[in-house]
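**Q** Starting off with a structure, shown below.
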Amino acid sequence: QVQLVESGGGLVQAGGSLRLSCAASGIFFSINAMGWYRQAPGKQRELVAIISSDGSTNYVDSVKGRFTLSRDNAKNTVYLQMNSLKPEDTAVYYCKVNRRDSRYGPVLADWGQGTQVTVSS
């Protein structure tokens, strides 16, 4: 069982910045990929950015050059630095963590509770 604690959401003006963090705690063998998804009202949840255990990252095209994803493996924490925010970035942001509970066990996914990001124009 893993608990994910998200923080850092809020209200910001267009052009501003926010930093989201998601800390994983609990009993597990390993944390694999970590990432952030978002869901705007009336839209499907979409992947924003994901980082693998070796640090390689992928971003949705709409945030490339503005958002930076990083992780601290010692703290089992993933960070999403969001700069040059736009009103269209407004959404609930969800942390997702893939883990294994044993060396050869299946990859399991855990989701955070979501944090609201609102960008005003």
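**Q** Which pairs have Cβ atoms under 9 Å, sit 6 or more apart or on different chains, and link a residue in segment 102-114 that is over 16 Å from Ile50 (Cβ atoms) and open to solvent by 90 Å² or more (accessible area, probe 1.4 Å) to one that is hydrophobic (A, V, I, L, M, F, W, C) and assigned to a loop (DSSP other than H, G, I, E, B)?
**A** Hits for this filter: Arg103/Phe29.
**Q** Now for a different question. Could you say whether any residue in segment 49-60 is open to solvent by 50 Å² or more (accessible area, probe 1.4 Å), modelled with pLDDT under 95, of a type in the set (Asp, Glu) and under 22 Å from Val107 (Cα atoms)?
**A** Yes: one or more hits.
**Q** Moving on to the next point. Would you point out which residue out of Ser62, Ser70, Ser25 is more than 13 Å from Asn98 (Cβ to Cβ), outside any strand (DSSP E or B) and either under 14 Å from the mean Cα position of the chain (by Cα) or touching a residue at least 24 places away in the same chain (Cβ under 8 Å) (or both)? Reasoning before the result, please.
**A** Working: Ser70 fails: outside any strand (DSSP E or B); Ser25 fails: outside any strand (DSSP E or B).
Result of the check over Ser62, Ser70, Ser25: Ser62.
**Q** Which condition number does Val12 fail, the rest of (1) of a type in the set (A, V, I, L, M, F, W, C); (2) under 19 Å from Arg100 (Cβ atoms); (3) more than 11 Å from the chain's Cα centre (by Cα); (4) surrounded by 15 or more Cβ atoms within 10 Å (Cβ to Cβ) being met?
**A** (2)
**Q** Take Val97 and tell me if it is out of contact with any helix residue (DSSP H, G or I) (no Cβ under 7 Å at 6 or more places or on another chain), touching a residue at least 60 places away in the same chain (Cβ under 8 Å), among the β-branched types (Val, Ile, Thr) and exposed (fewer than 12 other Cβ atoms within 10 Å of the Cβ).
**A** Numbers: out of contact with any helix residue (DSSP H, G or I) (no Cβ under 7 Å at 6 or more places or on another chain): yes; touching a residue at least 60 places away in the same chain (Cβ under 8 Å): yes; among the β-branched types (Val, Ile, Thr): yes; exposed (fewer than 12 other Cβ atoms within 10 Å of the Cβ): no.
In short, no.
The values are calculated or read from the model by the stated rules, or taken from the named source; none is laboratory data. As the structure is a computational prediction, the values presented were derived from the model and not from experiment. As a convention, Cβ positions derive from the backbone with ideal geometry for all residues, glycine included, and neighbour counts pool all protein chains shown. Just so you know, the surface numbers come from the protein's heavy atoms only, side chains and all, with ligands and any DNA or RNA stripped out. Shrake-Rupley method; radii C 1.70, N 1.55, O 1.52, S 1.80 Å.
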